Ligand code: SF4
């Protein structure tokens, strides 16, 4: 374990560690519903953090928060609180009564003041290529997705961070939903926990990527709280080297993310000129590509780490040799690796996938300029695994009164 991991295991998140618990919860609650264009009837902040009896979701807290909560409500030591935290995130306890290594008096008190949330599995689809898509129904009926992608000795979980998304990238179906609300820290971190519980004994998720529904940095506080529970040595113990947060370029939040957690950064770039990017990614009107790339240059990367640039290729739009040459110039001076993602065609969009030979030619230019560049295969096509495909269909069906089938 390196110095940072050790620090993460012992110290609470600096941002929250000194806040009184009540202020901390108020801060989270304020961020829960943001510019929600179509709030579901009955969706309230209290319903997301607390249950009908006013009990707090203990998974909405990081380790320091749980320790303080147990100390305050059960008159117990921080160590007892840590045991509760560990039983929840490592033991997978769903009820306080089932917690191993926690005193009966603490379990009894916690049952009165808190609960442990889980996600309801609405669908679980397995692709021919081994990709597994999970569709989760949240407490207020919204749907989000996680996708588990096996690739050699890697098992990567692609997680969601918001219900819908406000960024409206032209090629993305999640963007069509608009932003419904932020996901809570509990809802975000429950994805890897519940997928882990679904895997055969001894099989571990090796990598986490925040590339599912939503713009993770648009929900920064809940995201970093959730990730602290993914990384914590008393919780899921993921290595920060194997956790990647993807952004369309919320430049102000990029530095804040780096200040809080040393996870990897991926930038969804997808263009080589300002005009081209503005056409498909409206965020470019707020933060130009030049501003975004400067933020990448300023990003405090630990030695040996690179920023991943995701580049979705569209036929005849951004897939020419000139684009490849421009991309090399744009990324000059940034420790970068480029993932080329041939567009996954969808009937609701006019855009086409590039020809395989165009992708090869593009990559050849990148390699000639000594760029690290890989072509990523489209995975799980038979189960609509591309971002937002299934969730959008399901959400629309739900909005229209469609009744879900039980998970299989
Ligand atoms: S690509 Fe990502 S940021 Fe863009 S609309 Fe889709 S979910 Fe949002």
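Odds and ends about this structure:
- Close pairs from segment 157-181: first closer than 16 Å to residue 346 by Cα and more than 8 Å from the ligand (Cβ to nearest atom), partner at pLDDT 90 or above and in a helix (DSSP H, G or I), Cβ under 7 Å, at least 6 apart: 170/280
- Extreme residue, nearest to the chain's Cα centre (by Cα), among residues of segment 340-350 that are surrounded by fewer than 19 Cβ atoms within 10 Å (Cβ to Cβ) and either in a helix (DSSP H, G or I) or touching a residue at least 60 places away in the same chain (Cβ under 8 Å) (or both): 346
- Qualifying position, being at pLDDT 95 or above and either over 30 Å from residue 380 (Cα atoms) or in a helix (DSSP H, G or I) (or both), among 26, 7, 46, 83: 83
- Residues that are in contact with a helix residue (DSSP H, G or I) (Cβ under 6 Å, 6 or more places away or on another chain) and surrounded by fewer than 20 Cβ atoms within 10 Å (Cβ to Cβ) within segment 139-168 comprise just one, 168.
- Qualifying positions in segment 238-253 - under 15 Å from residue 192 (Cα atoms) and either in contact with a helix residue (DSSP H, G or I) (Cβ under 7 Å, 6 or more places away or on another chain) or without any contact (Cβ under 8 Å) to a residue 60 or more places away in the chain (or both): 238, 240, 242, 243, 245
- Only residues that are in a strand (DSSP E or B) and surrounded by fewer than 17 Cβ atoms within 10 Å (Cβ to Cβ) were counted across segment 125-138, and they come to 1.
- Of all residues in segment 109-124 being assigned to a helix (DSSP H, G or I) and in contact with a helix residue (DSSP H, G or I) (Cβ under 8 Å, 6 or more places away or on another chain), the one that is farthest from residue 380 (Cα to Cα): 109
- Here the helices (runs of 4 or more DSSP H) wholly within segment 184-289 that include at least 1 residues being away from the ligand (no atom under 16 Å from the Cβ) and closer than 24 Å to residue 349 by Cα are 274-280.
- Condition check for residue 101: assigned to a loop (DSSP other than H, G, I, E, B), modelled with pLDDT under 95, farther than 22 Å from residue 55 by Cα and assigned by TED's automatic domain parsing to the domain that holds residue 60: yes
- For segment 368-378, taking the residues that are at pLDDT 95 or above and within 30 Å of the chain's Cα centre (by Cα), the one that is farthest from residue 133 (Cα to Cα) is identified as 371.
- Residues located in segment 290-304, provided they are outside any helix (DSSP H, G or I) and either surrounded by fewer than 15 Cβ atoms within 10 Å (Cβ to Cβ) or not assigned by TED's automatic domain parsing to the domain that holds residue 324 (or both): 300, 302, 303, 304
The values are calculated or read from the model by the stated rules, or taken from the named source; none is laboratory data. Note that this is a predicted model, so its numbers are computed, not measured. Note that each Cβ is placed from the backbone with ideal geometry, even for glycine, and that neighbours are counted across all protein chains shown.
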